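Here the structure comes first, spelled out in structure tokens, and everything after it is commentary.
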Amino acid sequence: MFILIRIFPQVVWAIALGCLLVLTGCTSRYQPESLLMDYVKDLSRSKYIQLVVPDFVSPSLYPPLHQRQQALTKFDVSILDFLSLQQCDVGFLVGEKNSVLGKVMPASQRFLYEINIIRAIESCHIDNVQLAEKLNAIAKIKRQELPIAFTNAVFNGAEGKDFFSLSNGFLPLKNDLTHYQVLLASLRDINALGANLSSLPKQEGKAFEEDLKALSDSEYAGQLIYSLAQLSRFLSVVSEAIEDLPEDVCGPPVIFLKQQFERHYIKIIQPYMAKINATAYQILPLIRQAAVYGQPLPKALDQYLSMLSLDQKEGLWGRYQRASQRHAQAWSRLFNRCGIALSGIVR
């Protein structure tokens with residue numbers, strides 16, 4: 001009984017600490033929204049501005065698996081053919097694929113299997129002319145389908161779904177590149193595979209799985225999508241209000257607005273956005289390049305990824321950039337009109 005009394009407070013403390021960490025994690029994921037709301041609320045303290053932020057409209061969700069997944073051609077090897085292939089790796093790989101676990105291979109393992117079976121077929125000396133022709137035809141088709149297997153592995157597995165999930169809230173306030181070195185390294189590894197599909201690169205399964213896991217662990221793409229949509233929502237409503245201010249706002253009223261602008265935007269929101277931009281310009285091209293290596297993509301997946309294109313003006317990234325520029329220009333025009341000098345506005 002004495003031991004239980006000694007341990008019980010420690011258990012209670014551990015439970016309380018766990019709950020606190022959970023609550024802190026949840027709060028930090030949505031802290032940027034509270035900072036944006038503070039910006040809006042303080043601006044609305046001016047009699048010249050009454051901001052009403054429209055309800056959040058979620059960006060498109062990651063397409064369901066049946067719209068992303070592409071089927072690979074199936075091939076059957078007869079028992080006699082299978083037995084005659086035992087002298088090389090083809091027989092082993094075919095047996096592995098037809099095993100209980102082989103029939104439910106995740107997309108990542110299936111991609112590596114496709115590379116290995118092509119290499120095995122092309123390096124195996126087969127005396128049976130008909131079987132050799134049959135296998136060479138299979139290898140040819142599998143080579144043509146390697147981009148499909150690559151896309152399935154990178155974008156259609158559980159890791160890809162987690163990577164693009166919108167359930168993880170905003171990018172953290174401290175989202176500079178130092179937090180994404182593992183993700184960057186993994187994306188580079190994945191792209192190195194994609195760039196060398198024709199040479200059938202040798203890749204350890206564990207290393208490839210770790211690269212894919214780095215995507216899901218980062219939660220980056222979904223958080224970026226969510227952050228861009230939310231930032232665009234708040235910046236647009238502020239821009240509209242500033243653009244509509246009357247001439248008599250100059251004087252003490254504009255000084256108050258300038259104070260809120262500096263306090264919230266210049267000191268907090270703009271540095272947060274600068275970090276988002278810096279990381280995105282490094283990471284998004286790598287995501288796009290991986291998609292290029294897997295072309296042609298399913299239509300739904302291609303359209304979804306285009307949201308994050310740095311080049312398409314109508315994508316989510318393009319709309320965010322326009323909202324950011326409009327916001328900066330609205331404030332610049334107001335300060336110019338009222339003869340107020342202000343540095344630090346990033347256009």
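The values are calculated or read from the model by the stated rules, or taken from the named source; none is laboratory data. This structure is a prediction, so every number in the text was calculated from the model and none was measured. All Cβ positions, glycine included, derive from the backbone under ideal geometry; neighbour counts span all protein chains shown. Ligands, DNA and RNA are stripped out before the accessible areas are found, and what is left, the full protein with its side chains, is counted by its heavy atoms. Shrake-Rupley method; radii C 1.70, N 1.55, O 1.52, S 1.80 Å.
Structure note, pairs Lys41/Lys267; Lys161/Lys275; Lys74/Lys161: Cα-Cα distances above 18 angstrom occur for Lys161/Lys275; Lys74/Lys161. For Gly315, no residue has an amide H sitting under 5 Å from its own, ignoring neighbours fewer than 5 places away on the same chain, with H placed 1.01 Å from N.
The phi torsions of the stretch 305-316, fed into the Karplus equation with coefficients 6.51, -1.76 and 1.60 and a -60° offset, translate into couplings of 5, 5, 4, 9, 5, 6, 9, 7, 5, 8, x, 4 Hz, rounded to whole numbers, with Gly and Pro shown as x.
Computed from backbone phi with θ = phi - 60° and the Karplus coefficients 6.51, -1.76 and 1.60, the 3J(HN,Hα) list for the stretch 195-208 is 6, 10, 4, 5, 8, 6, x, 8, 9, 6, x, 5, 5, 5 Hz; x is used for glycine and proline.
The packing ranking, built from the mean of other Cβ atoms within 10 Å per residue, places the peptides 152-161, 57-66, 177-186 in the order 152-161, 177-186, 57-66, highest first. A straight Cα-to-Cα reach below 18 Å connects Lys47 with the lysines Lys258, residues fewer than 8 places away in its own chain not being considered.
Compared with the alpha-carbon gap, the fully stretched path from Gln321 to Lys202 is longer by 38.8 nm at 0.36 nm per residue. Expressed as a whole percent, the accessible area of the stretch 102-169 that falls on carbon and sulfur atoms is 50 (1.4 Å probe). Karplus-based coupling profile of the stretch 50-55, in residue order and whole Hz: 10, 8, 10, 7, x, 4, with θ = phi - 60° in 6.51 cos²θ - 1.76 cosθ + 1.60 and x standing for Gly or Pro. Close amide-amide hydrogen proximity is noted between Cys338 and no other residue 5 or more places distant or on a separate chain, at a cut-off under 5 Å (H modeled in the peptide plane; Pro and chain starts excluded).
Setting aside same-chain residues fewer than 8 positions from Lys299, which aspartates and glutamates have a Cα under 19 Å from its Cα? Partners found: Glu145, Asp311, Glu314.
In the full protein context, the stretch 194-347 carries 45 Å² of accessible surface per residue, based on a 1.4 Å probe and ignoring ligands, DNA and RNA.
What GluC sites (Glu not before Pro) does the stretch 170-217 have in DSSP loop regions with at most 15 other beta carbons within 10 Å? Qualifying residues, ordered by number: Glu204.
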